[in-house]
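Worksheet: the structure to be examined is printed underneath.
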Amino acid sequence: MGRLRELLKSPTPGALASGIALSLLYLYFFAFKAHVELDVLWFEPGRAWFNIYWADEGEEYSQENMSQVLIDRGHEHYQLFIGGLGSIERLRIDPVEFPTKIFLKRLDITQPGYAPIELNPANGFAGLEPVQQIDQLVVKEDGLRFNTTGRDGQFELRVDKSGGHIPVGQVFTVLAILALSLFAGRACRGLLQDARYVPALLLVVFVLALVMAAISRHYWLHPNGEARIFIHPDEEVHATAVEYYRDHWLPPAMDDPEIAHTFSVYGYSRLATHELYYPVAGYLTRFLAPFGQEFMWDARLVGLFFLALMLALAWRYVGFRPIVAPLLITPQVWYLYSYSNSDGFALLLASFAAWQAADRDSLLNRALREPARPHWLAMFGLGALAGSMLLLKQNFYFFVLFLGFYFLWRIFCGDFPDQKRFWSRLVVIVVIGLAVYGSRWGLEIATNGWDSRAKIHALIEEKAERPYKPSTKLHGKHIYLYMRERGWTLEQIWNKEHWGTKSFGSSFGAYGYTQYFGSNIYYNLVQWTGIALLAAILVSLLIHAPPRLWVLYGITIGSAFMLVGASVIQSWLISFQAQGRYLAPILPMLGVLYYHARPWLMQRTVHSLLFLMFGISVWSFLFIGLALIPKIS
């Protein structure tokens, strides 16, 4: 009793804040929110947003009271959360934002303490009334078939909100969350020294990613019984490219019939990229081949291996821990390591490069600073790392640009007094890196000829479905392609298509093909906690740190904004892609900033906010990701 009394007298602020936040989130979703499950099919290529609005008596529908799920051809089952039934008088359902044919099999809404709302063929979808731009509405034995005739097709449903109570189990769950948070906060106090909390929390992340990889399904079976529609973003095309390198050492000729199955509906194969992930992952799967399991499991285990490598580095090297600490603030990164994709590997390599650049005791800094001549193997390894940074996804080029600004900042600060030694060794590393990068181009020319890019463009025209073919006229292309040419402005991209909102949401917890979202309260909590964290770092530096740290803060935030700006422009000019994983290079940038800023930070405030973001990220992964993702049977 004495230890319990001591704990309650002096709880750590971070643990108390995390416990309260997790309790509120739990109550909000499981006591005060309604859970929607729907089975819906549509037959257009590509994806679209299925929106549900809600309003109480006397209120108008608004974007603030709206939830949406991304539907695509071939998938059928979707889930999302809406507001609490106790404050909803009517629902407005907007299927998609263009004319098409829809098949709604069922729609169920449940919330503890309220009678479930069930719309299905058995009750004739009673209560669901068409409002506008809905045509050819007919109830069949297997569902509701209808056409949308414009951009704003709508149904409305009146809600019976009588009754309602909080089950007793909810109260005990909240008390358990608070108690566990306080005990965890007390136990973790010693982990602040040397950032020991980083490997400890990364271990939690690894377990969560392992569970996601183990229980999530690989694919849906298309209704025609033939095609397999994968659950995770582009996992099919990533895995098929990795599988090629399990059996081959060199890149293929792009017109080789053996790789015909690796082309996506966009007419593009991941084997046409220069990304290092595919051969590395493919070679690693060779060690798993003797186990004889389905290849998708091998591909996922490689992703988990990359996360385990990051965990091992953080456990062994103190200087690596601040670099990867920002990875703890978003579950979207953890999700990347649970399925086959190239983003997780790129983030691992960028984090390793950031560590080499920032840590004064790293191999790179010793090579650039110390009088003793570095071993040639060390120089070759550093050069290979430099070249590998150019063989990642193109969004990571902004991290390379950040590193350039970072080294200029260090030179300006006098970190390399012997400039001759610094530049001569840096040039050697860069030359080796360019040679590594150039060798990949050499392999492509050797297998596909000097006109390889022209061949790839011809294959895109041949393999792509009609909305994505380069030759298709603009009016026949997918509506999210070349939006500037369609007359959209940047302001409309941001405000009408909500690029910022969608990108932010998919940066902090959107699972599957971003159709499994949390609610506005979760993302608002993440947003304001994140802003508070950046503000706390800035205030700490302005009050305590020398001006050179202010410059590094500006370089970091400026590089991050350049990446965001490039992503917006790409969505406007080429293809609308509001996906937060493209902004992942910002995290190792923040890691470099955190490495240098630590001595001047307001430790209690910064760590409390960081632990709060980790806590609500765990909540998102558990109760949105793992709860809603389709699971193996």
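The values are calculated or read from the model by the stated rules, or taken from the named source; none is laboratory data. None of these values were measured; they are calculated from a predicted model. Cβ coordinates were reconstructed from backbone atoms using ideal geometry, including for glycine residues, and neighbour counts include every protein chain displayed.
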May I ask you to verify whether Ala308 is over 30 Å from Met562 (Cα atoms), touching a residue at least 60 places away in the same chain (Cβ under 8 Å) and either touching a Cys at 6+ places or on another chain (Cβ under 7 Å) or aliphatic (A, V, I, L, M) (or both)?
yes
Filter the range 334-390 down to residues that are in a loop (DSSP other than H, G, I, E, B) and either touching a Ser or Thr at 6+ places or on another chain (Cβ under 8 Å) or of a type outside the set (Phe, Trp, Tyr) (or both), then give me how many there are.
15
Picked from the range 53-73 (must be outside any loop (DSSP other than H, G, I, E, B), under 23 Å from the mean Cα position of the chain (by Cα) and farther than 17 Å from Ile521 by Cβ), the residue modelled with the lowest pLDDT is Asp72
When residues of the range 485-536 are filtered for being in contact with an Asp or Glu (Cβ under 8 Å, 6 or more places away or on another chain) and part of a helix (DSSP H, G or I), how many remain?
1
Taking the range 290-304 and keeping only residues that are in a helix (DSSP H, G or I) and over 15 Å from Asp343 (Cβ atoms), one is left with Pro290, Phe291, Phe295, Met296, Trp297, Asp298, Leu301
Quick one: count up the residues across the range 274-294 that are in contact (Cβ under 8 Å) with a residue 40 or more places away in the chain and polar (S, T, N, Q).
1
Sole miss for Val139 among (1) under 30 Å from Phe576 (Cα atoms); (2) touching a Lys or Arg at 6+ places or on another chain (Cβ under 9 Å); (3) not charged (D, E, K, R) is condition (1)
Can you find even one residue in the range 520-535 that is outside the structural domain of Gly83 (by TED's automatic domain parsing), within 25 Å of Phe81 (Cα to Cα) and touching a Phe, Trp or Tyr at 6+ places or on another chain (Cβ under 6 Å)?
yes
Under 8 Å between Cβ atoms, at least 6 apart or on separate chains: pull out the pairs that start in the range 556-571 with a residue that is surrounded by 15 or more Cβ atoms within 10 Å (Cβ to Cβ) and end on any residue that is not in a helix (DSSP H, G or I).
Leu563/Pro585; Ser567/Gln577; Gln570/Gln577; Ser571/Met483; Ser571/Gln577; Ser571/Ala578
Scope the range 391-438; condition closer than 23 Å to Val551 by Cβ and not in a helix (DSSP H, G or I); matching residues:
Cys413, Gly414, Asp415, Phe416, Pro417, Asp418
Matching option when the condition is more than 24 Å from Pro233 (Cα to Cα), crowded, with 17+ Cβ neighbours inside 10 Å and out of contact with any Ser or Thr (no Cβ under 6 Å at 6 or more places or on another chain), among Gln79, Gln68, Gln63, Gln111:
Gln111
Residues being surrounded by fewer than 23 Cβ atoms within 10 Å (Cβ to Cβ), out of contact with any strand residue (DSSP E or B) (no Cβ under 7 Å at 6 or more places or on another chain) and among the small types (Gly, Ala, Ser) - total across the range 509-532:
2
